[in-house]
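The values are calculated or read from the model by the stated rules, or taken from the named source; none is laboratory data. Model, not experiment: these values are computed from the prediction. Cβ coordinates were reconstructed from backbone atoms using ideal geometry, including for glycine residues, and neighbour counts include every protein chain displayed.
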Amino acid sequence: MQSESSRSGNVNNVSIYFVVLVAVFVMCLIVANIIAVKLVSVFGLIVPAAVIIFPISYIFGDVLTEVYGYRRARQVIWLGFFCNLLAVIAIWLGQVLPAASFWDGQAAYERILGYTPRLLIASFIAYLIGEFANAFVLAKMKIATNGRWLWMRTIGSTLVGEGLDSAIFITIAFIGTIPSDGLLTAVITQWLFKSTYEIVATPLTYAAVTFLKRREGLDAYDRNTRFNPLLIRNDPE
């Protein structure tokens, strides 16, 4: 393992492992956004189908922050946001373009892939706040614990990030349309489900972090990082 100063310099390099992490992270976001329209019953809990894949973005976010640092994670979070926005625009264009005369699936297309402005705003705001909170808490806890107790850092950051994501999305998307006690129940249900997902996946997170730290020669500590989410340059700060 290289020295901390040497490792910090290498964070600016891009490896195939980093590319794969970013690709899967972005894929999880876009797929979750598409399949969220379906409500499913899991162990008696009614949740959007997106819960089967969206928590993976938090797991990969944890791995990115733990190995490559908050600065790289910040860039990936913004990349995911703009890729998701591009997907939404493409789906909307597909909806408004004139359908072929023999195609009878317009209603189904709009029913499954159509987005309301309110849901989109809720989704985008919740994503940004939740992901940045997750990365921030994990990076700060890593410094405070001097890199120990990874399980506590990944679970703790997820509890904060997923909690904010669920609370913000449910509140903005459904306030005024369902009773306040229903809002609270929906927030708690999603938060607990997603957090449990992270806890169950902890051994996989450990394996991925251990593998990447060894292969990349990286173990970033954000002691000198400015945590402003709007700073997307990867230069030393």
If you take the residues of segment 34-55 that are in contact (Cβ under 8 Å) with a residue 60 or more places away in the chain and part of a helix (DSSP H, G or I), which of them is nearest to residue 120 (Cα to Cα)? 34
If we scan segment 98-105, do we find a residue that is of a type in the set (Ser, Thr, Tyr) and closer than 17 Å to residue 27 by Cβ? no
For segment 98-106, state whether one or more residues are closer than 24 Å to residue 58 by Cβ and either at pLDDT below 90 or aliphatic (A, V, I, L, M) (or both). no
Any residue at all in segment 108-120 that is within 15 Å of residue 32 (Cβ to Cβ) and buried (at least 20 other Cβ atoms within 10 Å of the Cβ)? no
Quick one: which helices (runs of 4 or more DSSP H) lie wholly within segment 69-160 and hold at least 2 residues that are aromatic (Phe, Trp, Tyr)? 70-96, 117-144
Starting from segment 183-204, keep only residues that are part of a helix (DSSP H, G or I), then list their pairs with residues that are polar (S, T, N, Q) and surrounded by 14 or more Cβ atoms within 10 Å (Cβ to Cβ) whose Cβ atoms are within a distance under 6 Å, requiring at least 6 positions of separation or different chains. 187/166; 190/166; 191/166; 195/158; 198/158
Any idea which of 229, 179 is closer than 19 Å to residue 75 by Cα and either in contact (Cβ under 8 Å) with a residue 12 or more places away in the chain or over 14 Å from the mean Cα position of the chain (by Cα) (or both)? 229
Segment 59-102: number of residues that are closer than 22 Å to residue 32 by Cα and in contact (Cβ under 8 Å) with a residue 12 or more places away in the chain: 25
Determine which member of the set 92, 149 is of a type in the set (Phe, Trp, Tyr), under 20 Å from residue 58 (Cα atoms) and over 14 Å from the mean Cα position of the chain (by Cα). 149
Residue 169 passes all but one of the listed conditions (1) more than 17 Å from residue 21 (Cα to Cα); (2) of a type in the set (Phe, Trp, Tyr); (3) assigned to a helix (DSSP H, G or I); (4) at pLDDT 90 or above; the exception is number (4)
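Is there a residue in segment 83-104 that is of a type in the set (Asp, Glu) and touching a helix residue (DSSP H, G or I) at 6+ places or on another chain (Cβ under 8 Å)?
Of the residues in segment 83-104, the ones of a type in the set (Asp, Glu) are 104.
Checking the rest, the ones that are also touching a helix residue (DSSP H, G or I) at 6+ places or on another chain (Cβ under 8 Å) come to none.
No, that holds for no residue.
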Are any residues in segment 172-192 surrounded by fewer than 18 Cβ atoms within 10 Å (Cβ to Cβ) and among the β-branched types (Val, Ile, Thr), and if so, which ones? 172, 175, 177, 178, 185, 188, 189
Single condition residue 84 does not satisfy, out of (1) buried (at least 18 other Cβ atoms within 10 Å of the Cβ); (2) out of contact with any Leu (no Cβ under 7 Å at 6 or more places or on another chain); (3) closer than 26 Å to residue 220 by Cβ; (4) not basic (Lys, Arg): (2)
